[in-house]
1. When the residues of region 31-66 are narrowed to those that are open to solvent by 60 Å² or more (accessible area, probe 1.4 Å) and in contact with a Leu (Cβ under 9 Å, 6 or more places away or on another chain), which ends up nearest to residue 100 (Cα to Cα)?
2. Looking only at region 67-76, which residues are more than 15 Å from residue 122 (Cα to Cα) and either open to solvent by 30 Å² or more (accessible area, probe 1.4 Å) or within 11 Å of the chain's Cα centre (by Cα) (or both)?
3. Across region 123-138, which residue is nearest to the chain's Cα centre (by Cα) among those that are hydrophobic (A, V, I, L, M, F, W, C) and assigned to a strand (DSSP E or B)?
4. Please identify the pairs in which a residue from region 136-147 that is under 18 Å from residue 112 (Cβ atoms) and open to solvent by less than 100 Å² (accessible area, probe 1.4 Å) has its Cβ atom under 9 Å from the Cβ atom of a residue that is hydroxyl-bearing (Ser, Thr, Tyr) and assigned to a strand (DSSP E or B), counting only partners at least 6 apart or on another chain.
5. So residue 6 fits all but one of (1) small (Gly, Ala, Ser); (2) over 19 Å from residue 75 (Cβ atoms); (3) modelled with pLDDT under 90; what number is the exception?
6. Do the conditions hold for residue 150, that is, is it of a type in the set (Val, Ile, Thr), surrounded by fewer than 20 Cβ atoms within 10 Å (Cβ to Cβ), over 16 Å from the mean Cα position of the chain (by Cα) and at negative phi?
7. Would you please name the residue that is farthest from residue 24 (Cα to Cα), looking only at residues in region 95-117 that are free of Cβ contacts under 8 Å to residues at least 60 places away in the same chain and buried (at least 21 other Cβ atoms within 10 Å of the Cβ)?
8. Given the conditions (1) small (Gly, Ala, Ser); (2) more than 14 Å from the chain's Cα centre (by Cα); (3) open to solvent by 30 Å² or more (accessible area, probe 1.4 Å), which single one is not true for residue 79?
Amino acid sequence: MGKIASDRAVDTLQLLNVALQDHKKKYKDSPLNSIDGIFISEERDTPGKFLVRSLEGPIATFSLQELVGCCGVLVSYWSEVIPDYRKKGIGTDLLVIRMATARAMKYGLCLATVDQSNKTEVTLLLSQGWNKLREFRNPRTNNIIEIYSINL
């Protein structure tokens, strides 16, 4: 994966947090509004890996990287909501926030890779208008991996 271009990287974390706050204001019934002190930070040792946290601890994680060789494509991967926060709509809200941030950063397309067995993530992507492009068997894990995209 490629790092997010330097002219965009400085703004990524700020744009994610602005999108988070905008989402909370726009959707008063968002499950994110029930979490005090929610914010997004970037993991120090892993650029492009973002942590969603509250003052009480972690909520979710996801990664964003620019596709090598194409400054118009953003790849979203390793998205996970910790078990205590699952089944509350937080994953949907965080996906919408990532998409809004990608638009603000002037990406034209987002890609996501998902293990086929992760039916929750597959359903989430499809519900937000993502399209399945193809699938393949990962020779390292033997898992079926699906690739999804959405035009921004």
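The values are calculated or read from the model by the stated rules, or taken from the named source; none is laboratory data. Since we're looking at a predicted model, the values are computed, not measured. Neighbour counts run over all protein chains shown; Cβ positions are idealised from the backbone, glycine included. Ligands, DNA and RNA are stripped out before the accessible areas are found, and what is left, the full protein with its side chains, is counted by its heavy atoms. Shrake-Rupley method; radii C 1.70, N 1.55, O 1.52, S 1.80 Å.
1. If we take residues in region 31-66 being open to solvent by 60 Å² or more (accessible area, probe 1.4 Å) and in contact with a Leu (Cβ under 9 Å, 6 or more places away or on another chain), then 39 is nearest to residue 100 (Cα to Cα).
2. 67, 68, 69, 70, 71, 74, 75
3. 133
4. Sorted first by the residue in region 136-147, then by its partner, the pairs are 145/113; 146/113; 147/113.
5. (2)
6. Spelling it out, it is not the case that residue 150 is of a type in the set (Val, Ile, Thr), surrounded by fewer than 20 Cβ atoms within 10 Å (Cβ to Cβ), over 16 Å from the mean Cα position of the chain (by Cα) and at negative phi.
7. My answer is 114.
8. (2)
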